[in-house]
Amino acid sequence: MRHLAILATFLPGMALAQTDPADWEAVTEAAEGQTVFWNAWGGSTTTNSFILWVAERVNEDYGVTLEHVKLTDTADAVTRVLAEKQAGEDDDGAIDMIWINGANFAAMKEQDLLFGPFAEQLPNWQYVDVDGKTVQTDFTVPVDGYEAPWAMAQVVFDYDSEDVSPMGSMQEILEWSKANPGRFTYPQPPDFLGTTVLKQILVDVLDDPAVLQEPATDANYDDVTAPLWAYLDELTPTLWRGGEAYPPTGTAMFPLIADDEIDLSISFSPGAASAAIANNELPPSVRTFVLDKGTIGNASFVAIPYNSGSKEGAMVVANFLMSPEAQVRAQDPDVLGYGTVLDVASLPDGDRAAFEALDLGIATLSPEELGTVQAEPHPSWMTRIADDWARRYGVSQ
């Protein structure tokens, strides 16, 4: 083992597992009996139920115990791992897996807080759609195998078709909101969906959003973001409650539509509205639309902290999340309505048939209707934009 210790000394960013991720039989043998503490957003009952089902399945098949540690802010998990590293707690940390992407992933990768690479050695990686979906970069940051994708998301606008028609741009939405004050809102940043709304506005109003693919700088930040603030200065007074209050989370907006307080909201899952209709949380008249230039999309990932004491168990969970069984269940609007990370055409006949048999739901757009997927900006933009939004428009909840 001495050569491994020497290697770790020279490669501090590489956290070595006891088991080679490519040796799946050895991984599953080591995983049996391990407990995996998965730190994941806990703000959705449907997502929590899905994670509970995942826990049942990995326990049945692999003898892994999965515990869902419910988060309101993923940054809390990043802070915990960093604190453990600073305290020299390099083995058996409190967190074994994190639902993560964007700035949080970039921060963990930069600070050598991740185990890996492991994702592309997992057996179910063979089915992942690496050509058609953004599963090897995360908000422009190369993944390099340090996180495994498990769901695809894309911005859609949810609207009550009895009162609203689809709109093609953020400018059209602004004009509609002026004519229909109080009928649109979005979650208060730094909620992830709230910050996504800010990104979506900026991507749509910029003549060339390609500048957002590079890190923000002191030299370009003010000029690039000026159209966003000009837009929000006009939009904010027309929002629900006059922009004096905001829903705390994305899940808090559907009840506002159901109670006829608003007619238009936003989701980061094309199947969210269909799932809510199926669960009697939205009226059946709700539909979704995307903008003419497309909307922002990304993948949800799971990552394993460098000091997890159950790395093998975490890899088992990550692999199961990419399995056709888990992916088709997650795409079912009666369950979650999440987009799949898999290349369905590459699946074995039975698995492919299961996807093809899915009824994606009354409000879910087809892949063709979803149109162009706009790339996520570099994380540095949103760190600054979220802070500026709070200073300009933030309210005490």
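Okay, here's what the table says:
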| quantity | calculated |
| --- | --- |
| Residue ID - surrounded by the most Cβ atoms within 10 Å (Cβ to Cβ), chosen from residues in segment 366-384 that are among the aliphatic types (A, V, I, L, M) and part of a helix (DSSP H, G or I) | Met382 |
| Single condition Ser396 does not satisfy, out of (1) at pLDDT 95 or above; (2) over 30 Å from Met167 (Cα atoms) | (1) |
| Considering residues of segment 158-187 that are in contact with a Pro (Cβ under 8 Å, 6 or more places away or on another chain) and surrounded by 22 or more Cβ atoms within 10 Å (Cβ to Cβ) only, the residue nearest to Thr47 (Cα to Cα) | Pro187 |
| Elements of type helices (runs of 4 or more DSSP H) contained in segment 248-360, each with 3 or more residues being in contact with a helix residue (DSSP H, G or I) (Cβ under 8 Å, 6 or more places away or on another chain) and closer than 30 Å to Gly88 by Cα | 311-321 |
| Filtered residues of segment 32-57 (kept if surrounded by fewer than 20 Cβ atoms within 10 Å (Cβ to Cβ), over 18 Å from the mean Cα position of the chain (by Cα) and of a type outside the set (Ser, Thr, Tyr)) | Glu32, Gly33, Leu52, Trp53, Ala55, Glu56, Arg57 |
| Selected residue (criterion: nearest to Thr46 (Cα to Cα)) from residues of segment 242-268 that are surrounded by 19 or more Cβ atoms within 10 Å (Cβ to Cβ) and in contact with a Pro (Cβ under 8 Å, 6 or more places away or on another chain) | Gly250 |
| Single residue of segment 207-220 satisfying the filter (under 25 Å from the mean Cα position of the chain (by Cα) and not aliphatic (A, V, I, L, M)) that is surrounded by the most Cβ atoms within 10 Å (Cβ to Cβ) | Pro209 |
| Residue in segment 197-204 that is at pLDDT 95 or above, under 21 Å from Thr251 (Cβ atoms), surrounded by fewer than 17 Cβ atoms within 10 Å (Cβ to Cβ) and not charged (D, E, K, R) present | no |
| Among (1) part of a loop (DSSP other than H, G, I, E, B); (2) surrounded by fewer than 17 Cβ atoms within 10 Å (Cβ to Cβ); (3) outside the structural domain of Thr45 (by TED's automatic domain parsing), the one test that Asp387 misses | (1) |
| Selection count, segment 55-93, where residues are of a type in the set (A, V, I, L, M), touching a Gly at 6+ places or on another chain (Cβ under 9 Å) and modelled with pLDDT of 95 or more | 5 |
| So Gln18, is it modelled with pLDDT under 80 and assigned by TED's automatic domain parsing to the domain that holds Asn307 | yes |
| Scope segment 195-214; condition in contact with a helix residue (DSSP H, G or I) (Cβ under 7 Å, 6 or more places away or on another chain) and outside any helix (DSSP H, G or I); matching residues | Leu206 |
| Some residue of segment 91-102 being assigned to a helix (DSSP H, G or I), in contact (Cβ under 8 Å) with a residue 12 or more places away in the chain and in the same structural domain as Met322 (by TED's automatic domain parsing) | no |
| Residue match in segment 129-151 (condition: among the small types (Gly, Ala, Ser), in a loop (DSSP other than H, G, I, E, B) and touching a Phe, Trp or Tyr at 6+ places or on another chain (Cβ under 8 Å)) | yes |
| Residue match in segment 40-48 (condition: at pLDDT below 95, touching a Lys or Arg at 6+ places or on another chain (Cβ under 7 Å) and in the same structural domain as Ala330 (by TED's automatic domain parsing)) | yes |
| Sole exception among (1) of a type in the set (A, V, I, L, M, F, W, C); (2) surrounded by fewer than 20 Cβ atoms within 10 Å (Cβ to Cβ); (3) more than 21 Å from Val58 (Cα to Cα); (4) in contact (Cβ under 8 Å) with a residue 24 or more places away in the chain for Ala363, by number | (2) |
| Flag for Gly271 being of a type in the set (Gly, Ala, Ser), surrounded by fewer than 17 Cβ atoms within 10 Å (Cβ to Cβ) and farther than 27 Å from Phe37 by Cα | no |
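The values are calculated or read from the model by the stated rules, or taken from the named source; none is laboratory data. None of the values given here were measured: they were computed from a predicted structure. Methodologically, a virtual Cβ is constructed for each residue, glycine included, from the backbone with ideal geometry; neighbour enumeration extends over all protein chains shown.
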